[in-house]
Amino acid sequence: MVAGDYRTGTDRVAGVARMFGGDYFVNLQGDEILLQPDLLADLIEPFIKSGTGIGTLKRRINSTEDVHIPRW
């Protein structure tokens, strides 16, 4: 938890990154990681190799049922 007036979770992570040293920061926003921890590797490994400054993991929703499935 970090105090401050942050508009988004990404802004909050950027604030934390300015306060602490580190090469990479991962912002876990949802429960998808709890269901499939391997998704972290799907995000982190290609991100580090790419040299990109920021990245977001996403997945395609293939059915309306996916929208209504409780994730917690």
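The values are calculated or read from the model by the stated rules, or taken from the named source; none is laboratory data. Because the structure is predicted, anything quoted here is derived from the model rather than measured. FYI the Cβ positions are ideal-geometry reconstructions off the backbone, even for glycines, and counts take in every protein chain you see. Just so you know, the surface numbers come from the protein's heavy atoms only, side chains and all, with ligands and any DNA or RNA stripped out. Shrake-Rupley method; radii C 1.70, N 1.55, O 1.52, S 1.80 Å.
Can we say Asp38 is among the acidic types (Asp, Glu), open to solvent by 80 Å² or more (accessible area, probe 1.4 Å) and at pLDDT 80 or above?
Details: among the acidic types (Asp, Glu): yes; open to solvent by 80 Å² or more (accessible area, probe 1.4 Å): yes; at pLDDT 80 or above: no.
No; evaluated as a whole, the condition is false for this residue.
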Can you confirm whether Pro46 is modelled with pLDDT under 80 and not aromatic (Phe, Trp, Tyr)? no
Can you name the residue in the range 2-18 that is surrounded by fewer than 13 Cβ atoms within 10 Å (Cβ to Cβ) and of a type in the set (Gly, Ala, Ser) and, of all such residues, is modelled with the lowest pLDDT? Gly9
Taking only pairs six or more apart or across chains, which ones have beta-carbon atoms under 6 Å, a first residue in the range 17-28 that is without any contact (Cβ under 8 Å) to a residue 12 or more places away in the chain, and a second residue that is open to solvent by 80 Å² or more (accessible area, probe 1.4 Å)? Ala17/Phe25
